[in-house]
Every structure is written in structure tokens, then in C-alpha cells.
Amino acid sequence: MAEAYNRGLDLQKAGDLEGAEKAYRHALTLDPVDTGGVSIRLAAMGVQDAPEKMPDAYVATLFDQHADVFDDILVDELGYCVPLLVRDLIRRLEIGPFTRLLDLGCGTGLTGMALADCTVHRTGLDLSERIVELAYDRQVYEDLYVGEAVEFLQEFEEEDGSQPSWDLITATDVFPYLGAVEPFLAGADGRLRTGGCLAFSTETLPEETLKGRPYMVGAKNRFAQGDVYIRTALDAAGFEILAMEPIVVRLEENEPVPGHLVMARRR
Ligand SMILES: C[S@@+](CC[C@H](N)C(=O)[O-])C[C@H]1O[C@@H](n2cnc3c(N)ncnc32)[C@H](O)[C@@H]1O
């Protein structure tokens, strides 16, 4: 599998897209759970439709591999500060404090830390085991789980069989790994108390690139969602938008990555 995948990477870098596609498709037959994220690369190359989400095995491996340098690279080098933007938005909207926070795709715990003084009990969840270990070391979450966000929203039960709810759910810099947002929003709607809030960030692309598509895999192999798509999906899932602001998510090759910061309230 690694051989076929690496051959695909080399051919793609060398500009032989046909050869790269062949090698990637071969890698996919050898590794159907798609640990290498080949389906995402094929979509970014424009030779296959975007999948509805990133393969779980790919996301878990990607973040396991980068967990130990995550904060240094993302925050210090690439200027990532979405967790602090969420905190600032909560203050500006004069909402909160919140009793129970569910931080989905919690990473190393940056959002848990940023919201520590406006939440009482914090639950974190992430697909990457290594990143959850680092979040654990931060001691910012009362409860921490390794798992997939939508599955957690749909299925999680406490040991006594009860199904807990939250009054704030966050997903900072997680939508670039989700693609289609409907399953996530339906799950969040099911877990939020009435009047509870959902905060998340997206990456986006100009309409000339999206060309009417709700979401697509961008050149950097992450999902970008369109503004209208997010608004429509939130409305259909029963959310009122309190704020939807354009932001710079981080730098990439010294260029700002555009996105949105959203705060929505369950009707
Ligand atoms: C760019 S990091 C952001 C981490 C953190 N929210 C922050 O703002 O620092 C994205 C995180 O989302 C996690 N993730 C992506 N898709 C996920 C999914 N479907 N379920 C759970 N975690 C997911 C990744 O493992 C990774 O830790």
C-alpha cells in the first residue's frame, strides 16, 4: 500500500496526473479504509467526486503523526487562533457562561483552555488517540474520549444508559475534515439543550472555485464549505445564526486561509 501511495505522491509532484491517479487507485484497492487519504487526493485532483467526509483512518493517522508538533506549528508558526476567536465572540454576543461544553475534534485542548473560564464542565472528543493523550495532560477536560464526532453525537450514552446533553458544542477547525455538514448538525441538534449554542469554524473558497458546489476538496486536500450552504444547512437543522463572520483561519505557505466563524443557537 505504502509503495503505491508513495508512487502516486511522486508522480503527482512530477506533474504526471494520469500516472498518479492510477497509483492512488491501486493504493485504495490495497487499503480500503483509506489510511492514506487517497480518496481526498483524487477529489483534490478533480478526477473523483468529493467523498462526504474524510476517512476516519486517515484523520486519526494524520493527527497521531503530527500531534507532538501540533501546537508549535499551528499556533506559533501558522498563527492559528480560532479558539480565542470563539472566546471573543462569546463575549461580544454576551452569551454564556455555559454549564456543559462538548468540544468535538478537541485536538490538544486549545478550545477547552480558551473557554475554561466561561464553562463549568468540559467534555473533549477526538479521533486521534495521541492527540487525546496530549489533551489529557492539559487537564482541561473532565471527560475525554477517542471517537468520531458524528457517531458520538448519535450514540453516546453514560454508563447508566442516560443520554447526556450540552449547552455549548464547539468544533474549531474540524469542518475542513467533515465535508457534508448535515449529519454533524443533526447530531448537534439532538445533543443541545433548547437555546444551547454551537460554535464552529470553516474553511471556504470563492464562488468562482466552488462553482455552485456546497463543499469541495481544495488544493490543500481539506474541505471548504460555501457560505450559503452553511447558512441553509443550519436553518434546516433548526439553528438560528447569531454570528457568521469571515476569518483568517491560519497561514498556509504565507497566504491567509479564509474561513468563517459561526455561532448558532438551537431554536
Ligand atoms: C486542526 S485540528 C483542530 C483541533 C482543535 N479543535 C483546535 O482548535 O485546536 C482538527 C482535529 O479534529 C479531529 N477530527 C477531525 N475529524 C474528526 C471527526 N470526524 N471526529 C472526531 N475528531 C475529528 C482531528 O483528529 C484533529 O485533532
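What's the number of the condition P256 fails, among (1) in contact (Cβ under 8 Å) with a residue 12 or more places away in the chain; (2) assigned to a strand (DSSP E or B)?
So the condition that P256 fails would be (1).
So which residues in the range 83-98 are closer than 19 Å to A171 by Cβ and either in contact (Cβ under 8 Å) with a residue 60 or more places away in the chain or part of a loop (DSSP other than H, G, I, E, B) (or both), if there are any at all?
P83, L85, V86, L89, I90, L93, I95, G96, F98
Could you check how many residues of the range 160-180 are over 15 Å from T123 (Cα atoms) and either of a type outside the set (S, T, N, Q) or surrounded by 15 or more Cβ atoms within 10 Å (Cβ to Cβ) (or both)?
Number of matching residues: 10.
So which of D68, D76, D10 is more than 25 Å from A243 (Cα to Cα), at pLDDT below 90 and open to solvent by 60 Å² or more (accessible area, probe 1.4 Å)?
D76
Applying the selection to the range 101-154, what residues are surrounded by fewer than 24 Cβ atoms within 10 Å (Cβ to Cβ), in a strand (DSSP E or B) and charged (D, E, K, R)?
Answer for the range 101-154, where residues must be surrounded by fewer than 24 Cβ atoms within 10 Å (Cβ to Cβ), in a strand (DSSP E or B) and charged (D, E, K, R): just D143.
Cβ-Cβ under 9 Å, sequence separation 6+ or interchain: first residue in the range 212-225 and on the phi > 0 side of the Ramachandran plot, partner outside any loop (DSSP other than H, G, I, E, B) and at pLDDT below 95. Which pairs?
Pairs that qualify, where the first residue is on the phi > 0 side of the Ramachandran plot and the partner is outside any loop (DSSP other than H, G, I, E, B) and at pLDDT below 95, are N221/I40; N221/R41; N221/A43; N221/A44.
(1) touching a residue at least 60 places away in the same chain (Cβ under 8 Å); (2) under 26 Å from V146 (Cβ atoms); (3) more than 10 Å from the ligand (Cβ to nearest atom): which one isn't true of Y80, the others all being true?
Status for Y80: all satisfied but (3).
If you go through the range 155-199 one residue at a time, how many are in a helix (DSSP H, G or I) and more than 12 Å from the chain's Cα centre (by Cα)?
Number of matching residues: 10.
If you take the residues in the range 63-77 that are touching a residue at least 40 places away in the same chain (Cβ under 8 Å) and among the hydrophobic types (A, V, I, L, M, F, W, C), which one is nearest to the ligand (Cβ to nearest atom)?
Checking each candidate, the answer is F63.
Give P206, P214, P183, P246 a once-over and let me know the one that is within 16 Å of the ligand (Cβ to nearest atom) and either open to solvent by 30 Å² or more (accessible area, probe 1.4 Å) or outside the structural domain of A149 (by TED's automatic domain parsing) (or both).
Every option except P183 fails the conditions.
Taking A60, is it touching a strand residue (DSSP E or B) at 6+ places or on another chain (Cβ under 9 Å), open to solvent by less than 50 Å² (accessible area, probe 1.4 Å), at pLDDT 95 or above and not assigned by TED's automatic domain parsing to the domain that holds S165?
Yes; evaluated as a whole, the condition is true for this residue.
Hey, can you tell me all the residues within the range 186-203 that are within 13 Å of the ligand (Cβ to nearest atom) and surrounded by fewer than 21 Cβ atoms within 10 Å (Cβ to Cβ)?
None; the set is empty.
Mind checking which residues of the range 27-57 are closer than 21 Å to E3 by Cβ, within 16 Å of the ligand (Cβ to nearest atom) and open to solvent by 40 Å² or more (accessible area, probe 1.4 Å)?
V33, T35
Determine which single condition L234 fails, assuming it passes every other condition in (1) modelled with pLDDT of 95 or more; (2) open to solvent by 30 Å² or more (accessible area, probe 1.4 Å); (3) not in a loop (DSSP other than H, G, I, E, B).
Failed condition: (2).
The values are calculated or read from the model by the stated rules, or taken from the named source; none is laboratory data. Small disclaimer: the values here were computed from a predicted structure and weren't measured. Positions of Cβ are generated from backbone atoms using ideal geometry, with glycine treated the same way; all protein chains shown enter the neighbour counts. Accessible surface is based on the protein model in full, side chains and every heavy atom, while ligands, DNA and RNA are left aside. Shrake-Rupley method; radii C 1.70, N 1.55, O 1.52, S 1.80 Å.
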